[in-house]
1. Identify, please: which residue in region 110-119 is surrounded by fewer than 18 Cβ atoms within 10 Å (Cβ to Cβ) and not hydroxyl-bearing (Ser, Thr, Tyr) and is, among those, modelled with the lowest pLDDT?
2. For region 132-150, give me each residue that is over 21 Å from PRO38 (Cβ atoms), surrounded by fewer than 16 Cβ atoms within 10 Å (Cβ to Cβ) and either within 14 Å of the chain's Cα centre (by Cα) or not charged (D, E, K, R) (or both).
3. Would you confirm, using the coordinates I've provided, whether THR105 is modelled with pLDDT of 95 or more, within 15 Å of the chain's Cα centre (by Cα) and of a type in the set (S, T, N, Q)?
4. Cβ-Cβ under 8 Å, sequence separation 6+ or interchain: first residue in region 12-25 and free of Cβ contacts under 8 Å to residues at least 40 places away in the same chain, partner part of a loop (DSSP other than H, G, I, E, B) and surrounded by fewer than 19 Cβ atoms within 10 Å (Cβ to Cβ). Which pairs?
5. Step by step: first the residues of region 20-51, then only those that are among the β-branched types (Val, Ile, Thr) and buried (at least 18 other Cβ atoms within 10 Å of the Cβ), then the one that is nearest to PRO99 (Cα to Cα). Which residue is that?
6. Would you confirm whether any residue within region 55-72 is of a type in the set (Phe, Trp, Tyr) and in a loop (DSSP other than H, G, I, E, B)?
Amino acid sequence: MKPTYQPDSKLDLSFTRVVDVPRSLIWRAWTEPELLKPWFCPLPWKTIDCEIDLRPGGLFRTTMQSPEGVEFPNAGCYLDVVPHEKLVWTNALMPGYRPSKLMTTCGSDDTEFMFTAMVELADQGQGTRYTATVIHADEAGCTKHAAMGFEGGWGSALDQLVAMIKQGI
């Protein structure tokens with residue numbers, strides 16, 4: 001039996017939007033490193049490096065750069081990959097499901113937290129229903145992530161992804 005995700009409003013952050021681009025192109029933007037780098041961080045931050053081994057147990061690694069030029073490497077492990085429908089990854093594990101050490105997220109020691117993220121895609125009308133969910137280990141991590149601007153940041157990144165697709169990929 002496959003485990004299922006059970007939402008918890010005290011531990012999870014999530015948003016859903018319908019965007020007017022095909023999910024096949026959103027999938028490509030999430031799974032091809034050269035397409036992920038231009039949109040993955042809300043500007044003026046940048047993603048300057050990315051490595052993807054798209055399989056359960058595979059590596060998902062990015063390096064973000066602050067406007068001041070400081071680099072922040074992030075690495076994790078894919079847990080579930082359903083082509084064109086769902087990506088699930090975590091920073092609590094490294095490739096091969098090896099336990100991870102706690103890493104600084106986006107630049108400050110007060111933003112260290114473990115999480116599991118899901119991006120779910122489904123056709124809706126002429127567009128795509130896009131749901132991003134981040135599951136936290138505890139309320140403190142969830143609160144820290146919300147204070148960092150989860151919905152605004154992930155929403156801005158989605159806007160950048162959609163704009164990139166509309167410009168042609």
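The values are calculated or read from the model by the stated rules, or taken from the named source; none is laboratory data. Please read these numbers as outputs of a predicted model, since none were measured by experiment. Cβ: placed from backbone, ideal geometry, glycine included. Neighbour counts: every protein chain shown.
1. ASP110
2. Matches in region 132-150: ALA137, ALA140, THR143, ALA146, ALA147.
3. no
4. Short answer, once both residue conditions are applied: none.
5. THR47
6. no
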